[in-house]
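*Asks:* Input: one structure, supplied below.
The values are calculated or read from the model by the stated rules, or taken from the named source; none is laboratory data. Just so we're clear, the structure is a prediction, and the values are computed from it rather than from any experiment. Cβ coordinates were reconstructed from backbone atoms using ideal geometry, including for glycine residues, and neighbour counts include every protein chain displayed.
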Amino acid sequence: MKPSMVSLMSSLSTLPPLPRVASSADYLALHSRFPTTTYLRRAAPKGAPVFAYEFGDSGAGDDVGIAHNWSAFDALKFKPRYGVVHGPGEVSTTLFGQSYGAPIGMSPMGGLSLVWPGADLIMARAAQRMRTPYTLSVAGGATIEDIVRVAPDVAWMQMYRFANNDHAIGWDMLRRCQEAGVRAVVMTLDVPVRTTRSREARSGIAQGFHPTPRMLWEIATRPRWLLAILRHGYPRFEMLRGYVGPNAGTNEVIRFARREMGGGFSWEDVARYRDRWKGPLVLKGVLHPEDAEKAVALGVDGLWISNHGGRQIETLMPSIECLPAIAATVRGRAALMLDSGVRSGHDAAKAIALGADVAFAGKAFLWSLAALGDRGPDYALELMIDELRSAVAQTGAATLQGLRGAQLWRLNAAPSMLMST
Ligand SMILES: Cc1cc2nc3c(=O)[nH]c(=O)nc-3n(C[C@H](O)[C@H](O)[C@H](O)COP(=O)(O)O)c2cc1C
């Protein structure tokens, strides 16, 4: 062996082993196949039917919004500090009076049981296990009562606008959230109009589920997905189904949602929800500091900075680029959540360094389901927490609080633009 190789090996062997969040044999075996969520994405179309994968993975237009969300994160680099911290960072946190194991949450995703049957409950269980926030979409495949049953400490509920009958459905959902004991209610602001994603339209499911021979072939050639249907049941919109009828079929619920649900919440709606919902209230889809200021003035507890993962229109600013200005405006008067483009714990670390309290991810968990089925979200969450802990250590911070002081530099831009203080 060359001398340089010997000295490298001996210095490696004297380093303390990196204590891992996840050190089980199962985790390590998965890590050797899927070392980042990008590998999960590559495997996803082989696990779920292509039409289901396309529904979940696609963005508006030509997916340019998704690409920019990712490149905005990739362009940010930490300026590290060494010689101070000797192991992975501590990442537990407290939000709205509730303690969480890590500041990495699961974004609400409607129709997810199409990508993987039973997805909502599988994800909620994983979140409860790791004590991280889980958000059920109002168009989700489980009821909020079932979610709270499996994830009592971490369940959040997302709502869209049902304006008919003076918000009768919205008020009923708030009542159910109250009775079930959800930890936060999230109002999504950023869907003033309905969007059809290009790849979703081309895959044939934009107008409901009407199986074609090609779709049936895709299902027949994904035996694990078929088994998941046997185990968890046919994809449904359980949260909405109760308002349509106990025996309503999936397409009937989709038609109901198209008729009853939609249009962005107005500030007046936000004020009324604030009045009715006594628990933590979060507004999702905020990108402009003036909207952030309005929300704070209305007594909202949290702002969720998001461009809907590039699924609405592809020309919205990446949320990570909007975060510093919003953090500077809000100055701690509301908690800050961020999603859109988070694919790793390193991305989460960047969001936290720039002022977010919790980073959320959507598609990364969806890929984990399609690639690995029921154990996917457990693995993806552990992977991201592990990455976050190592990023905390690389910046010389021992804790999330310390990470806030880390400096970020932006590739191809004036470094001062995004320096966190
Ligand atoms: C399949 C899918 C369904 C979604 N459904 C909803 C929804 O019902 N309500 C909502 O507020 N956001 C929804 N979103 C947006 C996510 O909550 C989140 O903002 C986005 O996925 C974050 O970006 P990322 O996928 O890059 O992590 C959905 C996203 C996906 C991928």
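*Asks:* What tally of residues in the stretch 254-311 results from selecting those that are farther than 30 Å from Gln207 by Cβ and among the charged types (D, E, K, R)?
*Replies:* Going through the stretch 254-311 one residue at a time, the tally reaches 11.
*Asks:* Going through the stretch 293-309 one residue at a time, which ones are part of a loop (DSSP other than H, G, I, E, B) and either hydrophobic (A, V, I, L, M, F, W, C) or within 20 Å of Arg175 (Cα to Cα) (or both)?
*Replies:* Residues of the stretch 293-309 that are part of a loop (DSSP other than H, G, I, E, B), as a first pass: 298-301, 306-307.
Scanning the stretch 293-309 gives Leu298, Gly299, Val300, Asp301.
*Asks:* In the stretch 148-200, what residues are closer than 19 Å to Gly59 by Cα and either surrounded by 18 or more Cβ atoms within 10 Å (Cβ to Cβ) or small (Gly, Ala, Ser) (or both)? Spell out the reasoning first.
*Replies:* Of the stretch 148-200, the ones closer than 19 Å to Gly59 by Cα are 188-200.
Matches in the stretch 148-200: Thr188, Leu189, Asp190, Val191, Arg197, Ser198, Arg199, Glu200.
*Asks:* Just give me the residues in the stretch 314-347 being within 11 Å of the ligand (Cβ to nearest atom) and either buried (at least 24 other Cβ atoms within 10 Å of the Cβ) or in a helix (DSSP H, G or I) (or both), in sequence order.
*Replies:* Ser319, Ile320, Met337, Leu338, Asp339, Ser340, Gly341, Val342, Asp347
*Asks:* Which residue, of Trp409, Trp367, is of a type in the set (Phe, Trp, Tyr) and outside any helix (DSSP H, G or I)?
*Replies:* Matching residue, one of Trp409, Trp367: Trp409.
*Asks:* Now a separate question. Looking only at the stretch 43-96, filter to residues that are part of a loop (DSSP other than H, G, I, E, B) and hydroxyl-bearing (Ser, Thr, Tyr); which one of those is farthest from Ala119 (Cα to Cα)?
*Replies:* Within the stretch 43-96, the subset part of a loop (DSSP other than H, G, I, E, B) is 48-49, 58-63, 75, 80-89, 91-92, 96.
Now restrict to residues that are hydroxyl-bearing (Ser, Thr, Tyr): 58, 82, 92.
Working: Ser58: 18, Tyr82: 41, Ser92: 25 Å.
Going through the qualifying residues, I end up with Tyr82.
*Asks:* Name the one entry in Leu336, Leu303, Leu323 that is closer than 24 Å to Val193 by Cβ and either at pLDDT 95 or above or out of contact with any helix residue (DSSP H, G or I) (no Cβ under 6 Å at 6 or more places or on another chain) (or both). Before the answer, list the steps.
*Replies:* Working: Leu336 fails: closer than 24 Å to Val193 by Cβ; Leu323 fails: closer than 24 Å to Val193 by Cβ.
Just a single option satisfies the conditions, and that option is Leu303.
*Asks:* Take the stretch 255-277 and flag every residue that is buried (at least 20 other Cβ atoms within 10 Å of the Cβ) and not in a helix (DSSP H, G or I).
*Replies:* Matches in the stretch 255-277: Met261, Phe265, Trp277.
*Asks:* Look at the stretch 285-302 and say how many of its residues are within 13 Å of the ligand (Cβ to nearest atom) and either over 21 Å from Asp57 (Cα atoms) or in contact with a Pro (Cβ under 8 Å, 6 or more places away or on another chain) (or both).
*Replies:* First, pick out the residues of the stretch 285-302 that are within 13 Å of the ligand (Cβ to nearest atom): 285-287.
Adding the requirement that they be either over 21 Å from Asp57 (Cα atoms) or in contact with a Pro (Cβ under 8 Å, 6 or more places away or on another chain) (or both) leaves 286-287.
The total comes to 2.
*Asks:* Check off (1) part of a loop (DSSP other than H, G, I, E, B); (2) surrounded by fewer than 17 Cβ atoms within 10 Å (Cβ to Cβ); (3) modelled with pLDDT under 95; (4) not acidic (Asp, Glu) for Ala22 and give me the number that stays unchecked.
*Replies:* (2)
*Asks:* Based on what the data block shows, is Glu218 within 21 Å of the chain's Cα centre (by Cα), surrounded by 13 or more Cβ atoms within 10 Å (Cβ to Cβ) and either without any contact (Cβ under 8 Å) to a residue 24 or more places away in the chain or farther than 21 Å from Met159 by Cβ (or both)? So that I can check it myself, show each step before the final result.
*Replies:* Numbers: within 21 Å of the chain's Cα centre (by Cα): no; surrounded by 13 or more Cβ atoms within 10 Å (Cβ to Cβ): yes; either without any contact (Cβ under 8 Å) to a residue 24 or more places away in the chain or farther than 21 Å from Met159 by Cβ (or both): yes.
Against the criterion (within 21 Å of the chain's Cα centre (by Cα), surrounded by 13 or more Cβ atoms within 10 Å (Cβ to Cβ) and either without any contact (Cβ under 8 Å) to a residue 24 or more places away in the chain or farther than 21 Å from Met159 by Cβ (or both)), Glu218 does not qualify.
*Asks:* Could you tell me whether Gly355 is farther than 30 Å from Phe51 by Cα and either more than 10 Å from the ligand (Cβ to nearest atom) or surrounded by fewer than 24 Cβ atoms within 10 Å (Cβ to Cβ) (or both)?
*Replies:* Details: farther than 30 Å from Phe51 by Cα: yes; either more than 10 Å from the ligand (Cβ to nearest atom) or surrounded by fewer than 24 Cβ atoms within 10 Å (Cβ to Cβ) (or both): yes.
When the stated conditions are applied, Gly355 passes them.
*Asks:* Now for a different question. What residue, of Glu218, Glu290, Glu252, is closer than 30 Å to Leu323 by Cβ and in a helix (DSSP H, G or I)?
*Replies:* Working: Glu218 fails: closer than 30 Å to Leu323 by Cβ; Glu252 fails: closer than 30 Å to Leu323 by Cβ.
So the residue among Glu218, Glu290, Glu252 that is closer than 30 Å to Leu323 by Cβ and in a helix (DSSP H, G or I) is Glu290.
*Asks:* Considering only the stretch 91-109, state which residues are in contact with a Gly (Cβ under 9 Å, 6 or more places away or on another chain) and either over 18 Å from Leu338 (Cα atoms) or β-branched (Val, Ile, Thr) (or both).
*Replies:* Of the stretch 91-109, the ones in contact with a Gly (Cβ under 9 Å, 6 or more places away or on another chain) are 91-93, 95-96, 102, 104, 106-109.
Of everything in the stretch 91-109, those that are in contact with a Gly (Cβ under 9 Å, 6 or more places away or on another chain) and either over 18 Å from Leu338 (Cα atoms) or β-branched (Val, Ile, Thr) (or both) turn out to be Val91, Thr93, Ile104.
*Asks:* Looking only at the stretch 124-137, filter to residues that are of a type in the set (A, V, I, L, M) and buried (at least 24 other Cβ atoms within 10 Å of the Cβ); which one of those is farthest from Lys284 (Cα to Cα)? Step through it out loud before you land on a result.
*Replies:* Applying the first criterion (of a type in the set (A, V, I, L, M)) to the stretch 124-137 yields 124, 126-127, 130, 136.
Keeping just the survivors that are buried (at least 24 other Cβ atoms within 10 Å of the Cβ) gives 124, 126-127, 136.
Working: Ala124: 19, Ala126: 23, Ala127: 20, Leu136: 13 Å.
The residue in question is Ala126.
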